[in-house]
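The structure under discussion appears below in the form of structure tokens.
Derivation of every value follows stated rules applied to the coordinates shown; laboratory data play no part. All values reported here derive from a predicted model rather than from experimental measurement. Cβ atoms come from the backbone with ideal geometry, glycine included; neighbour counts cover every protein chain shown.
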Amino acid sequence: MTTQLVTSTTSQTARARAGLHYVPVVALGVDLLLVTTSVILAILGREAFPSAPLEVGDRLSVFGPLMILGWVAAIWALGGYRATVFGAGTDEYKRIVNASLLTFSAVGIASYLTQFPLPRGFFLLAALLGVPLLVLGRLMLRRSLQRARRAGALQHRVLIAGTAGHVDEIASVLNRESWLGYQVVGAVTPREPGRAATASGIPLLGSSDALAMTAVDVDADVVFLAGGAFDTAADLRRLSWDLEHEDIQVVIAPSVTDVSAERVSIRPVGGMPLIHLEKPRAREAVRRAKRIFDVVGSGALLLAFSPVFAFAALSIWRHDRGPVLFKQARVGRDGRVFHVLKFRTMVLDAEERLAQLKAESGFDGVLFKMDRDPRVTPPGRWLRRFSVDELPQLINVLRGDMSLVGPRPPLDHEVAQYDADMVQRLRVRPGMTGLWQVSGRSDLSWSEAIRLDLYYCDNWSMIQDLTILFRTFSAVIGSRGAY
């Protein structure tokens, strides 16, 4: 079975993995270009000062190339070109910044000890230009890498080891987060006689007793060790020995999903890497600092968007002379009901026509969304497209019913169908925007929207709120998932 799998997917694998080994080379080229640019600009900027001695240019023309090579060498020495740092996490940026700090510290100390007359203007300009340029370059490279992986290129072939349930759990995360570039080709389990696949359809390629051999046979790039992969720590040690001379990375995937990196810390104790998990942060998301941020932010936005408010209200009223605002009961923090405010985007009898539309479309779910909803008015289309209809919710934020960022405010009949896990999203104020909006808005399934809301509640931070607000602007401008 393993041989057939390898044979049938050879050409597809070659296309998906093409260029994967060139990512560090491209990163090296980008860094070299940006470092050279920052050093040249620093030289030109220093020489632009009238007080600069004539010999300064001669010194920097010799020192500049040495500094460029030393800077890039520092990035390499700190692991900035390792294949494992690209694509996700903050480790890549930390290595870039640390290498830059190391470079400038070494340059400063060496200049002092050798009495080399290094111009301070050059030193400062190179640092102020180089570090942001390097971080920006890596950010753009990461965006390009993630786009390529979503398109099916630059993929790592992944073999998962563990019990069938843990395999499906890890596979669902890897398939959902396609930008990571992990292509699951199969799994091995401790004891699953007579089964050809897991419940989610992941092919079972054998037993974890022959994990190393199976990984080589299917040409895996990464082996994920999920829960139940091995009975003892000695088995894991033997696997590392078996794969010592293979270009296969081993990743231990504990049964901890939807947890932000800030809540996880690893502390080795007695040779065991213990994973410490902080408590959920839902309480932090309702404290005074967030409330002050909401009041100040909503007040400022109300003033800034007051002309838009006036134009939207006039457009709605001129269309059918009906009410400008639409009020709808929603469930807020701790189950309290409030009336959310929106600009009216539908016809006056929209609620009466809802049952008919559900029957015609065969809808029997929880959250009804319809592309090209016939109830939406002409002004309502552009109001929805640019999310202008949501702006009156700033008043809800000012009142304390909502927050600028938080879970989507649910309807009462939606809450009635919540299970014990879903109720956790009611521990914080609902938001005008949130992870559900910047991750797809109406294109998301019900279960995916709930998962994002729970992730937000458990992993709240002010930095995350600011990031979501920034990403909201991009999602709104692109009208992604809005209808």
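If a helix is a whole DSSP H run, which ones in the chain reach 27 Å or further along their own axis (Cα) and hold a mean Kyte-Doolittle hydropathy of at least 1.0?
23-47, 55-77
Please give the charge dipole size of the chain, origin at the Cα centre, charges +1 on K and R Cβ atoms and -1 on D and E Cβ atoms. Round to the nearest 20 debye.
1700 debye
I need the shape label for segment 135-197. Rule: rounded when a/c is under 1.5, else prolate if a/b > b/c, else oblate, with a, b, c from the alpha carbon gyration tensor.
Prolate is the answer for segment 135-197, as a/c is 1.5 or above and a/b outweighs b/c.
Summarise the long-distance tail of P(r) for segment 19-150 by giving the % of C-alpha pairs beyond 20 Å.
Details: 3938 of 8646 pairs.
That fraction is 46 percent.
So in the chain, what percent of DSSP beta bridges are antiparallel if you round to the nearest 5?
45 percent
Which aspartates and glutamates have a Cα lying under 16 Å from the Cα of Lys290, excluding residues fewer than 8 positions away in the same chain?
Asp401, Asp458, Asp465
Using the 10 angstrom Cβ neighbour count as an exposure proxy, how do Tyr182, Tyr112 rank, fewest first?
Ranked by crowding around the Cβ, least crowded first: Tyr112, Tyr182.
Based only on other Cβ atoms within 10 Å, what is the fewest-to-most ordering of Met67, Met462? Present the calculation step by step, with values, prior to reporting the outcome.
Details: Met67 24, Met462 13.
Listed from fewest to most nearby Cβ atoms, that is Met462, Met67.
What per residue convex hull volume, in Å³, do the alpha-carbon atoms of segment 285-477 yield?
116 Å³
Which value results when the Cα radius of gyration for the chain is divided by 2.2 N^0.38 Å?
In units of the 2.2 N^0.38 Å rule of thumb, it is 1.21.
Exposure proxy check: His276, His166 ranked by fewest other beta carbons within 10 Å?
Ranking His276, His166 by Cβ neighbours within 10 Å, fewest first, gives His276, His166.
For Arg238, what charge total do you get from the other residues with a beta carbon under 11 Å from its beta carbon, if Lys and Arg give +1 and Asp and Glu give -1? Let's see the in-between values first.
On the way: positive: Arg237; negative: Asp209, Asp235, Asp242, Glu244.
Surrounding charge for Arg238 is -3.
Lys and Arg at +1, Asp and Glu at -1: add these up for the other residues within a Cβ distance under 13 Å of Leu128 and post the number.
So the environment of Leu128 carries a net charge of +2.
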